[in-house]
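Novice: First the structure, then my questions, so here it is.
The values are calculated or read from the model by the stated rules, or taken from the named source; none is laboratory data. The structure presented is a predicted model; accordingly, all values stated were derived computationally and were not measured. Cβ placement follows ideal geometry from the backbone for every residue including glycine, while neighbour counts extend to all protein chains displayed. SASA here: full protein model, heavy atoms, side chains in, ligands and nucleic acids out. Shrake-Rupley method; radii C 1.70, N 1.55, O 1.52, S 1.80 Å.
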Amino acid sequence: MTVTWEELGWERLADGVGRIRLPGWDCTVGLVAGESSALLVDAGSGLAEGARLREQTARLAGGDVTLLALTHPHFDHVFGAAAFPDAEIYAAGGAHAVHDDEGGRAELREDAVRHGLDARAADEAAAALVRPGHEVRDRLALPLGGGREALLANVGPGHTAHDLAVLVPGGRPVVFCGDLVEESGEPQAGPDAVPSGWPAALDRLLELGGADAVYVPGHGAVVDADFVRAQRDALARRFGVSP
């Protein structure tokens, strides 16, 4: 039986492209469905949430997710990745160090609990944390079948040292921004942020998507290029970065 994006609580952004705003931290997860492959953008904040996403995306895409792009190594974006055991996982260059390092996993676990994730769920997710099998140093095109592709672009550093964006070309391109862009609140700059590089990262993001693209923040409603440009300028002022 065919199911619509809206029936499962997803927002359709273009033909075969959509996203869901997850409860708790209003975190975006995106899906790009092609004829032969389905790409998920981020994986949620825990194994149970990841399992729910796996079930929903299989219904929407007509098959299991085969590709997973992690926009940056924060718990609310990566802790569900182990729920997709058959997916090839992509991340920005250097992100594997966070996944491989025992201290990095412990820090993700502590951050998750500090933000309200159940301690047992955080323990399970941290123990199961999956290492990305592919690192994107510049740009990488992923063919999805039927003439569709997704372009992964390492546009950071900014929100973290390892920020990946995903461009879906089309009549109106769609750009999944990760937490380089936030709409539902002021962009969060934690201890792993690179404030001096953040405005330039948004310049690269705007170059990637162009003036007419739909920009999908890591948290919050879909925005346009003018919003991204205004947030870039606000971050430059906030962090004292010259134009």
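Novice: I'm checking a number: the convex hull volume of the Cα atoms of segment 103-175, normalised per residue, in Å³. What is it?
Specialist: Output value, Cα hull per residue: 151 Å³.
Novice: If packing is taken as the average number of other Cβ atoms within 10 Å across a peptide's residues, how do 154-167, 186-199 rank, most packed first?
Specialist: Ranked from most to least packed, the peptides come out as 154-167, 186-199.
Novice: Sticking with this structure for a sec: Relative contact order for the chain using alpha-carbon pairs under 8 Å, separation at least 6, rounded to a whole percent?
Specialist: 15 percent
Novice: Please sort 35-42, 57-64 by packing, taking for each peptide the average over its residues of neighbouring beta carbons within 10 angstrom, highest first.
Specialist: The peptides rank, most packed first, as 35-42, 57-64.
Novice: What base-10 log of the normalised intensity I(q)/I(0) is obtained for segment 1-105 from the Debye formula, alpha carbons as equal point scatterers, at q = 0.19, 0.23 Å⁻¹?
Specialist: -0.90, -1.28
Novice: Can I ask one more? For segment 1-122, what is the accessible area per residue in Å², given a 1.4 Å probe and the full set of protein chains?
Specialist: Per-residue value: 42 Å².
Novice: Rounded to a whole number, what % of the accessible area of the chain do carbon and sulfur atoms account for, probe 1.4 Å?
Specialist: 48 percent
Novice: Still on this structure, please answer the following. What are the residues whose amide H is under 5 Å from the amide H of residue 149, where those residues sit 5 or more places off or on another chain and H is modelled from the backbone?
Specialist: 144
Novice: By DSSP, what percent of the beta bridges with both residues in segment 87-225 are antiparallel, rounded to the nearest 5?
Specialist: Of those bridges, close to 65 percent are antiparallel.
Novice: To continue, here is another question. Roughly how many Å² is the accessible area per residue of segment 159-243, as a whole number, for a 1.4 Å probe?
Specialist: Averaged over the residues of segment 159-243, the accessible area is 40 Å².
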